[in-house]
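Visitor: First, the structure itself, so that you have it in front of you.
The values are calculated or read from the model by the stated rules, or taken from the named source; none is laboratory data. The structure displayed is predicted, hence computed values, not measured ones. Note: ideal-geometry Cβ built from the backbone for every residue, glycine included; neighbour counts use all protein chains shown.
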């Protein structure tokens, strides 16, 4: 195994630790985690990971993950949801979920979904809606709206020149606001965790 391959293995262990603890470990913990006998070996590894763009160092000397630290392997080919095709090596490039879903971090919020009124749009109870906060939306956008002092997630529609909120489940009625309809934000992505 090359030094680069070993470093990727160490990086994977470091990413797993960070996912559990939400911080980078101490030098002593890194020695244990990687099976190193000295802090010098840890320092050399951290310097190599810094050169590869996975870590950075603050002005006070603390190590911190970079955006690249959070990238994941992206398959070079899509997986068919229909008929199977011949399997090939799937690893190709890297992918950062935050860079894919979030255009304006300071205006983006994750909102848990509750209920089944948007089930036919593929939005399930327990999903996390990635919502960009803005007051303007287009007809057809899935929005978080405030209508009659209550929040709801629906598709923005228009009837007879007035905005309405359309569910994606025939068991629910179209919401025709009696008072003001305020757009809280537009859904730009969806996160679902499978167990």
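Visitor: Just the residues that are touching a helix residue (DSSP H, G or I) at 6+ places or on another chain (Cβ under 7 Å) and either under 14 Å from residue 63 (Cβ atoms) or outside the structural domain of residue 12 (by TED's automatic domain parsing) (or both), please, taken from the stretch 22-33.
Guide: 24, 25, 27, 30, 33
Visitor: State which residue is modelled with the lowest pLDDT when the search covers only the stretch 136-161 and only residues that are more than 15 Å from residue 187 (Cα to Cα) and outside any loop (DSSP other than H, G, I, E, B).
Guide: This residue is 150.
Visitor: Being in a loop (DSSP other than H, G, I, E, B), at pLDDT below 95 and buried (at least 16 other Cβ atoms within 10 Å of the Cβ): is that true of residue 84 here?
Guide: no
Visitor: Another question, then. If residue 149 passes every condition in (1) surrounded by fewer than 11 Cβ atoms within 10 Å (Cβ to Cβ); (2) closer than 27 Å to residue 105 by Cβ but one, which one does it miss?
Guide: If we test residue 149 against (1) surrounded by fewer than 11 Cβ atoms within 10 Å (Cβ to Cβ); (2) closer than 27 Å to residue 105 by Cβ, just (2) comes out false.
Visitor: Same structure again: Would you please name the residue that is farthest from residue 190 (Cα to Cα), looking only at residues in the stretch 100-135 that are over 19 Å from the mean Cα position of the chain (by Cα) and buried (at least 18 other Cβ atoms within 10 Å of the Cβ)?
Guide: So the residue we want is 117.
Visitor: Pull up the stretch 163-180, narrow it to residues that are modelled with pLDDT of 90 or more and closer than 16 Å to residue 135 by Cα, then point me to the one that is surrounded by the most Cβ atoms within 10 Å (Cβ to Cβ).
Guide: 165
Visitor: Which condition number in (1) modelled with pLDDT of 90 or more; (2) closer than 19 Å to residue 4 by Cβ; (3) surrounded by 13 or more Cβ atoms within 10 Å (Cβ to Cβ); (4) within 27 Å of the chain's Cα centre (by Cα) is the one that residue 56 fails?
Guide: Exception for residue 56: condition (2).
Visitor: Quick check on my filter: what residues within the stretch 31-53 are surrounded by fewer than 16 Cβ atoms within 10 Å (Cβ to Cβ) and in a loop (DSSP other than H, G, I, E, B)?
Guide: Scanning the stretch 31-53 gives 35, 37, 38, 52, 53.
Visitor: Cβ-Cβ under 8 Å, sequence separation 6+ or interchain: first residue in the stretch 1-30 and assigned to a helix (DSSP H, G or I), partner exposed (fewer than 11 other Cβ atoms within 10 Å of the Cβ). Which pairs?
Guide: 9/1
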